[in-house]
Amino acid sequence: MSRVQKRWLIGGVLGLIVLGLIVGAIRPYKPALAAQPSASPDVEVAEVEREDIPIYGEWIGTLDGLVNADVRAQVTGYLLKQGYQEGAFVRQGDLLFQIDPRPFQAALDQAQGQLAQAQAALANAQAVQRRSELDVQRYTPLAKEQAVSQQDLDNAVQNNLAALATVETARAQIKTYEAAIETAKINLDFTRLVAPIDGIAGQAQLQVGALVTPGSGIVTSVSTVDPIKVYFTVGEPQYLDWRRRFPTEASRLEADKGLRLQLILADGSTYPHYGRFQFADRQVNESTGAIRIAGLFPNPNNVLRPGGYAKVRAVIRTQHAALLVPQRAVSELQGGYQVAVVQNDNKVTLRTVTVGDRVDNRWIVANGLAPGDRIVVEGVQRMRTGVKVNPKPFVAETKDR
């Protein structure tokens, strides 16, 4: 290769390098022009509302019968018949089970026969006593006139006393047999296991043909479920706060009477009937630090049954002039809470707030906002202070309570 050719080659390479530097210097300006902000982003905003809002307490409840009566055998015998349908409503006195009554009917018949014998013996003893009494009445004047001996009079007196004792013995025997008859009747009645109360009868624990005794355990149970009782536990601080707000007995009773309890069932539905406060337990549970409360709910169709679980809700206080914002407008960040406030010039300012209770899908804001402030409902995580936005009114899906 000649020297001229080498110079042309070196010159060409240098030209390419210079051309590459020029192109590289020009290209960064094009993306920069493309990165210029376009129109302000659309955001949905809501105004901070101020209103009196009820604060609810919510607890886990357990359903129980108003009265739960266990049915047990009081006598020994075999079950002959089951007289009810398990899970059905029964009236007080309805037959649940029949124990074989024949041995108890025989005992009653025997006691009645013994009573009849005792009554006959009493009549005979009374006749003998009357006769001996007449002897005493007849011998007494004759003995004074010495028409009969004193010995005859003494014998008549003794015979009369013995006859009186026999009469009293017969009367005592009658009382014994009358008591035996009453016992036999009671035992015969015990062969009928009947419903002690109106309510729902439970599953039979023993079947027809089983031998039952007074110690054989529960045969079945009956529960009164209208109204039905609901137990739930309230923390001691919440209980003390309630008592502190109503210090006198009269004011507390009036407040307890005014409580309207709601029941949220296991399927998430709200029970259509309101309940009322019944009582608070006498002591705080040492292991849980909570006190047990009982409420009563109407149960006209016996839909609710003992043993079920539900949530109990009640308005425990009203917060006046509370500031409310949609829950999704609040962003939690490292234990704190932030909202994006849209200023009058439509620029965003991130503001730290203090939240209180949550009411449905809204937060109560204790500090950091004022009534009428406009806040970004969604996308607060993407907002930055100073960003200009195009605010659009936020339309809630459901009406807040």
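Derivation of every value follows stated rules applied to the coordinates shown; laboratory data play no part. Keep in mind that this is a model prediction, so the values were computed, not measured. Heads up, the Cβs are rebuilt from the backbone with ideal geometry, glycines too, and the neighbour counts pull from every protein chain shown.
Quick notes on this structure:
- Nearest 10 degrees, 0 to 90: helix 3-26 Cα axis against the chain principal axis: 50 degrees
- Per-residue ellipticity at 222 nm, computed for the chain from helices alone with -39500 (n - 2.57) per DSSP H run of at least four residues, works out to -11500 deg cm²/dmol.
- Cα-based helix-to-principal-axis angle, 102-144 vs the chain, degrees rounded to 10: 40 degrees
- Electrostatic dipole magnitude of the chain [Cβ: Lys, Arg +1; Asp, Glu -1; Cα centre; debye, to 20]: 3040 debye
- Fully extending the segment from Leu134 to Ala69 would add 17.2 nm, taking 0.36 nm per residue of separation and subtracting the current Cα-Cα distance.
- Cα-based shape type of the stretch 177-308, given that a ≥ b ≥ c are square roots of the gyration tensor eigenvalues and the cut on a/c is 1.5: prolate
- Gain on full stretching of the segment that runs from Arg171 to Ala266 - 0.36 nm per residue minus C-alpha separation: 27.5 nm
- FRET efficiency for Val208 and Gln327, using Cβ-Cβ distance with R0 set to 60 Å, rounded to 0.05: 0.50
- Computed log₁₀ I(q)/I(0) - Debye formula, equal Cα scatterers, no solvent, the chain, q 0.07, 0.15 Å⁻¹: -0.70, -1.28
- Residues whose placed amide H lies under 5 Å from that of Ala204, excluding near-sequence neighbours: none
- Distance from the Cα centroid of the stretch 294-370 to that of the stretch 266-290 is 22 Å (rounded to whole angstrom).
- Calculated over the stretch 146-249: convex hull of Cα atoms, volume per residue (Å³): 347 Å³
- Relative frequency of Cα-Cα separations exceeding 20 Å in the stretch 252-348, percent: 62 percent
- 5 angstrom amide H check on Gln319, placed H, neighbours 5+ away: Ile53, Ile55
- Taking amide H atoms as placed 1.01 Å from N in the peptide plane, the amide H of Asp373 lies under 5 Å from those of Val48, each 5 or more residues away in sequence or on another chain.
- Compared with the dominant principal axis of the Cα atoms in the chain, helix 249-258 is inclined by about 70°.
- Residue-span extension gain [Asn124 to Arg384] - 0.36 nm each, minus C-alpha spacing: 81.9 nm
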